[in-house]
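Data block below; observations after.
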Amino acid sequence: MTITASAPPKTRRVVFPFTAIVGQEEMKLALLLNVIDPKIGGVMIMGDRGTGKSTTIRALADLLPEIDVVVNDPFNSHPNDPDLMSDEVRQMVESQTTLPIVKKKVTMVDLPLGATEDRVCGTIDIEKALSEGVKAFEPGLLAKANRGILYVDEVNLLDDHLVDVLLDSAASGWNTVEREGISIRHPARFVLVGSGNPEEGELRPQLLDRFGMHAEIHTVKEPPLRVKIVEQRAEFDRDPQAFVDKYQSQQEALQKQLVEAQKRLNQVNLDYELRVNISEVCSELDVDGLRGDIVTNRAAKALAALEGRTEVTKDDISKVIVLCLRHRLRKDPLESIDSGYKVQKAFSRVFGVEMPEES
């Protein structure tokens, strides 16, 4: 039995359209690639205040197509994929119970800075567990974020322990809560997006390394572009619905492109020679571990899928390699060279291409 329901357009909060956002191409590309392949491991967005970080992430969540979820399930369980189901839903499937299904917008969970671990991971009601013999679990934000986007603003101000918990869940796709010998786990597969302002301090290197991609955004300098952004915002604030309607066809086209890219992803091929070259770049830059190689491979495939191809090119790797590696280089406090430039330089040498002019 399938119940199809979605919020009527008038009652849903109107969000600034993703396709209307001017500039910030690096951030937009990183977010889209993570939506196509969440296993890339999330995005860390570092940039100045007031550069549209939160606006872009809300716009991305609004852009994504509705998903099928099991009715009244706190984990947004997938009706067919066991890896995205809670234990209760899996038991219902095994006992061949008919699952009521509803269509739902992709959830975007905003993690407040003062959140406690219980609020994030969920809590086990020990009294109920002992007196009634049932696993009484109160789901947290990770449960709500399953199959959605988890956004942490000012991630560099968040307690390191909590950042660790988020990164563990994002990497494994599961959240485990243990207390007094009782253990509960549930699916927690989400796109983790962190943002921060470099002035407020950097994230510890070992935490930064676990974000799949690192996008740097800067305040737009060109006066005509700044004027365009200000005018757009004013137009949206004046009549949000009319502004959204104006971009509706572009939004639908991008949504369709994302859905097709997700379907195409498994067919994308990355040539052995290109894979060796990627690893040579990582080796030359002295990148610790193999995360850099893995993420660059995944991101290049996701970009090829986004552009409607099944074969990765040098150009795809060129567009993603800085995003995937710049935050993994060892920092030398005395060095003034930008890490993105170093990655680009190593890429150009290994792949035998010329450095882009703007570098």
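Our coupling estimate for segment 302-316, obtained by passing each phi through the Karplus curve with A = 6.51, B = -1.76, C = 1.60 and θ = phi - 60°, is 4, 5, 4, 5, 4, 8, x, 10, 10, 10, 7, 10, 4, 4, 4 Hz, Gly and Pro reported as x.
Couplings for segment 180-189, taken from phi via the Karplus curve 6.51 cos²θ - 1.76 cosθ + 1.60 with θ = phi - 60°, read 6, x, 9, 10, 10, 10, 8, x, 9, 9 Hz in order; Gly and Pro are left as x.
Looking at the square roots a ≥ b ≥ c of the eigenvalues of the Cα gyration tensor of segment 84-187, which shape do they give, rounded for a/c under 1.5, prolate if a/b is larger than b/c, or oblate? The shape class here is oblate. Using a ≥ b ≥ c from the Cα gyration tensor of segment 265-351 (square roots of the eigenvalues), is it rounded, prolate or oblate, where a/c under 1.5 gives rounded and otherwise the larger of a/b and b/c decides, a/b for prolate? Here segment 265-351 falls in the prolate category. Annotation: the antiparallel percentage among DSSP beta bridges lying fully within the chain is about 40. As a proxy for reagent exposure, ranking ARG147, ARG298 by other Cβ atoms within 10 Å from fewest up yields ARG147, ARG298. When shorter helices are ignored and each DSSP H run of at least 4 residues is given -39500 (n - 2.57), the per-residue value for the chain at 222 nm works out to -13500 deg cm²/dmol. With springs connecting C-alpha atoms under 10 Å apart, model the chain as a Gaussian network and identify which of THR176, THR310, THR107 has the largest mean-square fluctuation. Fluctuation is largest for THR176. Modelled this way, with points 7 Å down the Cα-to-C-beta line, the labels at ILE229 and GLN255 are 2.7 nm from one another.
Can you sort SER195, SER249, SER172 by how many other beta carbons sit within 10 Å, fewest first?
Working: SER195 23, SER249 10, SER172 13.
In order of increasing Cβ crowding within 10 Å: SER249, SER172, SER195.
Which trypsin sites (Lys or Arg not before Pro) does segment 82-126 hold that lie in a coil by DSSP with at most 16 other beta carbons within 10 Å?
Values: sites: ARG90, LYS103, LYS104, LYS105, ARG119; in loops: LYS105.
Filter output for segment 82-126: LYS105.
Taking amide H as placed 1.01 Å from N in the peptide plane, the amide H of TRP174 sits under 5 Å from that of ALA188, each at least 5 places away or on another chain. For GLY194, the amide hydrogen comes within under 5 Å of the amide hydrogens of VAL43, MET44, ILE45, VAL152, counting only partners 5 or more places away or on other chains and with H modelled in the peptide plane. Comparing mean-square fluctuations of PHE18, PHE347, PHE137 from a GNM of the chain with C-alpha springs under 10 Å, the top value falls on PHE137.
For the residue pairs LYS221/LYS314; LYS103/LYS246; LYS53/LYS301; LYS319/LYS342; LYS28/LYS256, alpha carbon separations beyond 21 Å are given by LYS221/LYS314; LYS103/LYS246; LYS53/LYS301.
Each reported figure results from applying straightforward, stated rules to the coordinates on display, with no laboratory input. These figures come from a predicted structure and were not determined experimentally. Methodologically, a virtual Cβ is constructed for each residue, glycine included, from the backbone with ideal geometry; neighbour enumeration extends over all protein chains shown.
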